[in-house]
Every structure is written in structure tokens, then in C-alpha cells.
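Quick notes on the structure that follows.
Bear in mind these aren't lab numbers, they're just calculated from the coordinates by the rules spelled out. Everything numeric here is computed off the predicted structure, so don't read it as measured data. Using ideal geometry, Cβ is built from the backbone for each residue, glycine included, and neighbour counts are taken over all protein chains shown.
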Amino acid sequence: MNNKNAQAVPLEQPRTMGQLKTANHLLGDREALNKAWERDGYWYFKDVLDKGVIGEMRARWIDYLQRHGLIDPGVNENRYNGSSFEGKSVSPAELARVSEFNHNNMHRMLTENPKIVATMKELLGDDPFWLPIAEYRANPPVEDPGQNRFIYPHQDGFYSRGLEMKICWVPIDTVDDEVGGCAWVEGAHRGPILHDLSNPPQFPIPTDLIPIEGWKRADFEAGDIMIFDLNLPHSGLTNQSRDRFRMSMDIRVTEASGKVPSIGSVVSITPQQITLRDDSTQLERTFDIEPQTYVRGTDGKKREGADIPQTFQHGETVLVNSDDGRAATLVRSIH
């Protein structure tokens, strides 16, 4: 598909979204998997992740929501009690990115589990190299179910220039049409970047522009995984259920035998350079920060000049993508 000829259409919820293709039947045929990836920009696998591991993670979500008074004590199901957020220590915005799980590095429950690692090796055709960039969501039902369902259409590749990675979207519990989850524009990874360069610092995709190819979604269950190209346009969908949370996480991965970024702790940083202590070698490495370098924190906003050293703290873990071993093409703080 060539999206250079894509037409502008209103970014509104289609009456009926298309359905994602499953790729389970392609397992064991690397050539077929590669062709599907090139064509669609994703692999959607059903019921391949160990449900015991996902169940342990789901228990963490339930415990978190119970502690904040959103699921009643003793109710070990995904059932919102409908209580107001007034006076609560969390807000709907916090539930859209659960910072506690970031601080606890919950992604390691997934990335360091031997069963998950073995499955990912089968899916990728290579050992997984996990990028510790993860987001965790427990979105509650929205107050106005009639609002636009698309939360923030975007292409991760715009914010992660030149970084070789695949994005893994993992439902932790049932995510059906009412709960929403995510939707993707099948095949649009080969088209243009749609972000508005005239609208800094986040450069969002204009709300009236989307490739004419339709949005795709699925009814997800625990054990499923959606792996997609970083340039594939996608968006979260509002939760229109009455009493369920959207429990999901996403994390980035790439093939270990390919180009991998440098990950380490900040030793020093100026608007022109960053030095980090590489986690894998414990050696210090210095990268130039150039005008075209997309320097960002966790909010996606591009930092420039004096804002760059204020974005990162000494000792903080960062990820640096370099094209030539000298000039950094990406500096990104780890979620």
C-alpha cells in the first residue's frame, strides 16, 4: 500500500471497525510471517502468552485498584465499583499511565520470565532484546460514551527516530469492543509520517487526517499479543463499558542479533552531549546531541537547548540510539 495518495477523512469512529488478522497459522513459516509483516505492519497472535504469568500481572492490577478504592475488597474480578474519583489518591489520567508500575519495573514480570522469553523467540525468530520502555493502563469507563473514541492517534516512529523496535501490546484481561483497547490502520506503516510538524512540541496527527484505509481492532483476551511496526498509526480507544477497566500494557522489543540501542545511566548531560554508563559493559560512552536529535522525556515532547539537561537526572536510566557511534539520533528516558 502506498499512503502517499491517502485521502483526508474525518477522524471519527467508524460504524463498524475492521478486524485484525490473526497470525497463529503462520507460526513455523518465517517467510510467511515476514510477508504478513511487510503487508500489514503487525502480527496478532491469540492465546500464545503463558496465562499463569499474565494472571500474576492481572492480580497486581486488581490489588492496585482495590488499594485506591475502585474495586471493592474481596472482589478479585475486573469490576469497577462506580465510586467517584473525588478524594481519591488517583485520577483517570493517572490510571491511563500507572506510574507505580513503572517505578516497580513491572515489565520484568514479563520480560524475565523464561516461558515468555521462549515464546517471544518463536514469534520473532530471534532472541528478544527488550527495551525497558513500558506503559501500563487501567483506564476506567468514560463519563460521556458519545465522545470521540480515538484518544491520541500517533506513530511511535515519529518520536523514536531511527530506533529499530517493535511494539508489543498485551491485554491483561478481556478487552472487547466496549472496553476499547486500541485500533490500528492496517498497512499504513509504509506510508508517510502523518504528524503535524507545524504543531510543536508533540506534533500530533491532525484530527481531520487519517489514511483512508479503515481502522482495525479485535476482541482481546489474556494470553493474546499484538506486535506492530513503530510506524503503524494507532490509537487508544475510550472505555465505554459500564463497570470494567481497560487492563493492558505495552513494551518495546527488537531482535537481539540486530541493531540495539545503548541503555545506561546518565553520567553527565549538556545541550550538546550526553555521557552514560552502559548497562551491558559498565563503560562510559559519550554521544553528541545535534539539532535533529529527538530528545524526549516520557511525555513525547521534544526538548531543545537548555531544556535538555533539565529533562534528565544524574543516574537516571536512559536509552540512546546512535547511527554512527558518535551522534545520538535519540535520547529517551525510560518509562
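Across the chain, the relative contact order, built from alpha-carbon pairs under 8 Å that are at least six residues apart, equals 23 percent. Taken about its Cα centre, segment 19-255 carries a charge dipole of roughly 160 debye when the Cβ of each Lys and Arg holds +1 and the Cβ of each Asp and Glu holds -1. Distance between the 7 Å Cα→Cβ label points at Asn199 and Phe85: 2.3 nm. Here segment 262-333 is assigned +1 on the Cβ of each Lys and Arg and -1 on the Cβ of each Asp and Glu. Its dipole about the Cα centre then comes out at about 140 debye. In straight-distance terms, cross-link reach from Lys35 covers every one of the lysines whose alpha-carbon lies under 20 Å from its own, apart from those fewer than eight places away in the same chain; here that gives Lys21, Lys46, Lys121, Lys166, Lys216. A DSSP coil position with no more than 10 other Cβ atoms inside 10 Å describes none of the trypsin sites (Lys or Arg not before Pro) in segment 115-179. Spin-label model, Glu38 to Val117: label points 7 Å out along the Cα-to-beta-carbon direction sit 3.2 nm apart.
Taking every pair of alpha-carbon atoms in segment 1-159, give the share separated by more than 26 Å as a whole percent.
The proportion of pairs with Cα distances above 26 Å equals 47 percent.
Quick check: Cα centre of segment 101-152 to Cα centre of segment 24-39, how many Å? Centre-to-centre (Cα) distance: 22 Å.
Asp323 to Arg190: extension gain in nm, 0.36 nm per residue of separation minus the Cα-Cα distance? Kindly include the intermediate steps, with their values, before the conclusion.
Values: separation 133, 0.36 × 133 = 47.88 nm, distance 2.13 nm.
Gain on extension, Asp323 to Arg190, equals 45.8 nm.
For the chain, the 222 nm mean residue ellipticity estimated from helices alone, with every DSSP H stretch of n ≥ 4 adding -39500 (n - 2.57) and the total spread over all residues, rounds to -5000 deg cm²/dmol. Average 1/r across all pairs of distinct alpha carbons in segment 141-238, invert it, and you get the Kirkwood radius: 14.4 Å. I need the fraction of alpha carbon pairs in the chain separated by more than 38 Å, rounded to a whole percent. Everything past 38 Å amounts to 14 percent.
Please identify the GluC sites (Glu not before Pro) of segment 66-132 that satisfy two criteria: DSSP loop assignment and at most 15 other Cβ atoms within 10 Å. Which are they?
Glu77, Glu86, Glu112
So if we plug the beta-carbon distance of Asp144 and Lys301 into 1/(1 + (r/R0)^6) with R0 = 35 Å, what FRET efficiency do we get, rounded to 0.05? The formula returns an efficiency of 0.80 here. When the chain is described by a simple charge dipole with +1 on each Lys and Arg Cβ and -1 on each Asp and Glu Cβ, the residue from Ile269, Ile167, Val142 located farthest towards its positive end is Ile269. Along the charge dipole of segment 19-255, Cβ charges K/R +1 and D/E -1, which of Gly125, Phe203, Thr111 sits furthest on the positive end? Final value for the positive-end residue is Thr111.
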